[in-house]
C-alpha cells in the first residue's frame, strides 16, 4: 500500500505503468491516505491537511495518465500538469486495478467511488460485515455493483506452535489447520474475497517460510 500524499503522483503513475508493462499486467496498486502528520513533515510534504483530496486526485490522475493516447494532462485542486508525453502505457487497457486500503468509512467511500478493491488490515468479523454492507450501499449510490470492487484482507500468519502474546485478534491466524480454515471460511461468508498472508512477525526468516509452507500444505486444501 502506497501512501499517495507522500509522493508526486505523476512519477508514481509512470513507475507503476512501467512495472505493469514489464510484468505483463500482473500488478495491483494499493493506495492509502496516511494518518501521521510527523511522517508528512519528515518527508517535506505539505499535503497532510488535504490528504483525502490529494489521494482522490492522485487516483484520478493515474486513470488519466494510463488512458489511451501518448499525450496526457491533468487539472485538479491539488495536482495539475500541462500536456506531457506518457509512455509506455500499462499492459492492461486503463491500467492495473487500484485497491484502497483502510478500515474506516472514508476508505470505503474512496473504494466505492474510485477503486477496484477495498483492502482491510486487522479487521474483525463484525467490522468486516458492517464494512461490506456500507461498501455495497455506497457502490449502489455511485451506480456501481458489488462485482466492481474486490474485498481483500491482510492476516497475520503464524507457524505451528507459535502465536502472538496474549489473546490473538480474529485476524491473527494461529493454531491448527482446521481452526485457521474455519476462521477463514467465516471471513469468506462475511464478504472477504481475497486473502493476503503476512508472516513477517516471525523473527527468523525460516519461521516465516515454515508458516507459508504450513498454510500451503495443510490449510489451503481445506478451503477448497
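Bear in mind that the values in this text are calculations on the coordinates, not laboratory data. Note that the structure is predicted; figures quoted are calculated from it, not measured. All Cβ positions, even for glycine, are placed from backbone atoms using ideal geometry, and neighbour counts span all protein chains on display.
Taken as Cα centroids, segment 152-181 and segment 48-77 sit 38 Å apart, rounded to the nearest whole angstrom. Relative contact order of segment 24-171: 20 percent, from C-alpha pairs under 8 Å at least 6 residues apart in sequence. Taking other Cβ atoms within 10 Å as a rough exposure proxy, 116, 77, 56 sort from fewest to most as 77, 116, 56. Using a 10 angstrom cutoff on alpha carbons, build the Gaussian network for the chain and name the most mobile of 190, 70, 33. Of 190, 70, 33, the most mobile in the Gaussian network model is 70. Take the Cα of residue 80, step 7 Å toward its Cβ, do the same at residue 68, and the gap between the two points is 2.9 nm.
Could you list the square roots of 5 times each eigenvalue of the Cα gyration tensor of segment 19-92, that is, the equivalent ellipsoid semi-axes, sorted largest first and rounded to whole Å? Walk me through the numbers on the way to the answer.
Values: eigenvalues 132, 55, 20 Å².
So the three semi-axes of segment 19-92 are 26, 17, 10 Å.
Spin-label pair residue 37-residue 185: with each label point 7 Å from Cα along the Cα-Cβ axis, the two points sit 4.9 nm from one another.
At an R0 of 45 angstrom, the distance between the Cβ atoms of residue 22 and residue 167 translates into a FRET efficiency of 0.55. Per residue, the average separation of C-alpha pairs within less than 8 Å and at least 6 apart gives segment 101-224 a relative contact order of 26 percent.
How big is the convex hull of the Cα atoms of segment 107-212, per residue, in Å³? Spell out each step's value before the answer.
Values: hull volume 10.7 nm³, N = 106.
Considering the Cα atoms of segment 107-212, their hull volume per residue is 101 Å³.
Residues 194, 187, arranged from fewest to most other Cβ atoms within 10 angstrom of their Cβ, appear as 194, 187. Taking the longest Cα principal axis of the chain as reference, the axis of helix 51-66 is set at about 70 degrees.
Label positions at residue 204 and residue 15, each projected 7 Å from the Cα along the C-beta direction, are separated by 3.5 nm. Helix 205-214 and the long axis of the chain differ in direction by around 70°, with both axes built from C-alpha atoms. Once the Cα-Cα distance is subtracted from the 0.36 nm per residue extended length, the residue 142 to residue 178 segment shows a gain of 9.0 nm.
Going by neighbour counts of Cβ atoms within 10 Å, the residues 144, 51 line up, fewest first, as 144, 51.
Helix 105-114 and the longest principal axis of the C-alpha atoms of the chain enclose an angle of approximately 60°. Translational diffusion of the chain was estimated from the Stokes-Einstein equation, with Rh taken as the Kirkwood radius over Cα pairs; at 10 °C and 1.306 mPa s the coefficient is 83 µm²/s.
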